[in-house]
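Engineer: Okay, handing you the structure first.
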Amino acid sequence: MGVGVSAVIPCKDRPRLLERALESISRQTILPDEIILVDDGSEPPIRVPRRYPVPLRIVRQDNRGPAAARNRGVAEASGEWIALLDSDDTWVPEKTQYQLRLLSEHPHAGFCISNMTTHGRPAVEFPLAPESGAADGIIRDAVERLLPGRFISSSGVMFRRDVFYRVGGFDERLWFCEDYDLWVRLAAVTPVVATTSCLNDVFREGDNLAALRAPRPTAGGDDPGTEALRPGVRLSQERTSPGLLLATTRSLANQGPLRANLKNLVLCWPDLLLQTYARATSRRARWRATVQ
């Protein structure tokens, strides 16, 4: 008998990293019922080279960004519970079992969130530690804690499918911070159970927005303008500050998270000014060389 969990992985052009993510699912002490892999316009299309102990289905679509890819994955899933995994992250072997136990102990909760281990990036303080000091528990003020824009890893969440649809799923208009936007809406309609145990690993890789040269994370590590960035519609080639500035403006126009986007704007400007100065200096040097 299955456990009623569907793993949903959005992916674009990351075959090597995807293999690592899939391997972490195959090592789960309690396996999910299925893996829904959404190929969001990869070129060439994603192919899984071997079989895994979990039924895996690949759904292909034109590149529409992670919000649309995750929505498609949930729509294709059959499980009562949805466990997200980004293609460049991994789960620890006990992840599914641990979260299912928490949800069985708190049957009214429709949203489970775990802490994470970071690699290649500063550690981020987990914002949903129970006030009692216990490792696990219901977070009664989850909305208030999330509203300032605290970072939650997509690969550390599990939510009930019907609650996801009750709040309308991921907002596909958002170019980034679409995950943060969903966490707040989920926390507003269902009890949240959280654990300080690190159940997934988050990596900084060269082809995701977290690896961008700008904007920079703050010392506190809780800035959604940097740590919560997720690429949106066709943002894969916009890896410069001008690209981020354009994406932020569009997100604001689509009623994206205000504080996170304003922080992005502030953090983009210093790098933009430096780039502008460097270009002007280069042009001046070329002009002088031509005159001489």
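The values are calculated or read from the model by the stated rules, or taken from the named source; none is laboratory data. Note that the coordinates shown come from a computational prediction; the quantities given were computed from them, not determined experimentally. So basically every Cβ, Gly included, is an ideal-geometry build from the backbone, and we count neighbours across all protein chains shown.
Engineer: Enumerate the pairs (first residue in segment 162-173 and surrounded by fewer than 16 Cβ atoms within 10 Å (Cβ to Cβ); second residue anywhere and assigned to a helix (DSSP H, G or I)) with beta-carbon separation below 7 Å, excluding pairs fewer than 6 apart on the same chain, so at least 6 apart or on different chains.
Structural biologist: R166/V189
Engineer: Surrounded by 17 or more Cβ atoms within 10 Å (Cβ to Cβ) and under 17 Å from G110 (Cα atoms): does that describe Y180?
Structural biologist: Taking the combined requirement at face value, the residue satisfies it.
Engineer: Here's another thing I want to ask about it. Taking segment 99-117, which residues are out of contact with any strand residue (DSSP E or B) (no Cβ under 6 Å at 6 or more places or on another chain) and either crowded, with 21+ Cβ neighbours inside 10 Å or in a helix (DSSP H, G or I) (or both)?
Structural biologist: Result: L100, R101, S104, E105.
Engineer: So in segment 118-128, with the set limited to residues that are touching an Asp or Glu at 6+ places or on another chain (Cβ under 9 Å) and assigned to a loop (DSSP other than H, G, I, E, B), which one is farthest from A194 (Cα to Cα)?
Structural biologist: G120
Engineer: Which members of segment 2-56 meet the condition of being at positive phi and not acidic (D, E)?
Structural biologist: G4, G41
Engineer: Return the only residue of R51, R72 being over 26 Å from T195 (Cα atoms), more than 15 Å from the chain's Cα centre (by Cα), modelled with pLDDT of 95 or more and not acidic (D, E).
Structural biologist: None of the others qualify; the one that does is R72.
Engineer: Looking only at segment 165-190, count every residue that is under 16 Å from the mean Cα position of the chain (by Cα), within 18 Å of A69 (Cα to Cα) and not in a loop (DSSP other than H, G, I, E, B) and tell me the total.
Structural biologist: Looking only at that region, the number is 6.
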